[in-house]
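Chemist: Got a structure for you, questions after.
The values are calculated or read from the model by the stated rules, or taken from the named source; none is laboratory data. Predicted model only: the values in this text are computed from it and were never measured. Virtual Cβ from ideal backbone geometry, glycine too; neighbours counted across all protein chains shown. Keep in mind that these areas ignore ligands, DNA and RNA; they rest on the heavy atoms of the full protein, side chains included. Shrake-Rupley method; radii C 1.70, N 1.55, O 1.52, S 1.80 Å.
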Amino acid sequence: MARAETRPGTKLIAANRRARRNYEVLETVEAGMVLRGSEVKSLRSAHVQLADAYARIDDGEAWLVSMHIAPYDHAQMHSGHEPDRRRKLLLHRGELDRLRAIVDEQHLSLIPLALYWKDGRAKVELALARGRKTYDKRQ
């Protein structure tokens, strides 16, 4: 699968550049996200940080944790959003079950590599990854 940055018809919002250094990427998966209106506005202006984010599967649902989307400047207090809330990921049931089995069996991590627009919808590229040791990070 081609990287999100190079796929035609996509516009990159943010990339987690350190992920490929700190993790050995085994497989990538594209997922949609459930967002609020003010979050979409902040994503349009690229006010997002993926550095510490990770995904987890709880009770048959996938969640993106620790992704920081800055509050939208022009949103009112009652219609704004919490910057560090968990965001639900949209995946097919078969994909969820397969990822859950692999993560549990092989002790892998689900790490977001990139956040991008595809046909007007925000998508996240998740990687099934294995953490690297310090001596593996050279060069």
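Chemist: With +1 on each Lys and Arg Cβ and -1 on each Asp and Glu Cβ, how big is the dipole of the chain about its Cα centre, in debye rounded to the nearest 20?
Modeler: Once rounded to the nearest 20, the dipole reads 520 debye.
Chemist: Just from its helices, what would the mean residue ellipticity at 222 nm be for the chain, if runs of 4 or more DSSP H residues each count -39500 (n - 2.57) and the sum is divided by every residue, rounded to the nearest 500 deg cm²/dmol? Intermediate values should be presented prior to the final figure.
Modeler: On the way: 3 runs with 26 residues, N = 139.
Theoretical 222 nm ellipticity from helices: -5000 deg cm²/dmol.
Chemist: Ignoring ligands, DNA and RNA, please state the percent of accessible area on the chain from carbon and sulfur, probe 1.4 Å. List each step's numbers first, then the result.
Modeler: Working: 3930 of 8580 Å².
It is 46 percent, rounded to a whole number.
Chemist: I need the Kirkwood Rh of the chain: take the reciprocal of the average 1/r across all distinct C-alpha pairs and report it in angstrom. Please report the intermediate quantities before stating the final value.
Modeler: On the way: mean 1/r = 0.0638 Å⁻¹.
That comes to 15.7 Å for the chain.
Chemist: How far is helix 93-106 tilted off the main Cα axis of the chain, in degrees rounded to 10, range 0 to 90?
Modeler: 50 degrees
Chemist: Stretched out fully, how many nm does the piece from Thr134 to Val65 gain, at 0.36 nm a residue minus the Cα gap?
Modeler: On the way: separation 69, 0.36 × 69 = 24.84 nm, distance 2.46 nm.
Taking 0.36 nm per residue and subtracting the Cα distance, the gain is 22.4 nm.
Chemist: Treating cross-link reach as a plain straight distance, find the aspartates and glutamates whose alpha-carbon is under 19 Å from the alpha-carbon of Lys41, omitting any fewer than eight places away in the same chain.
Modeler: Asp73, Glu82, Asp84, Asp119
Chemist: Oh, and also: What accessible area per residue comes out for the range 7-139, rounded to a whole number of Å², with a 1.4 Å probe?
Modeler: Working: 8080 Å² over 133 residues.
Spelled out: the 1.4 Å probe surface of the range 7-139, per residue, equals 61 Å².
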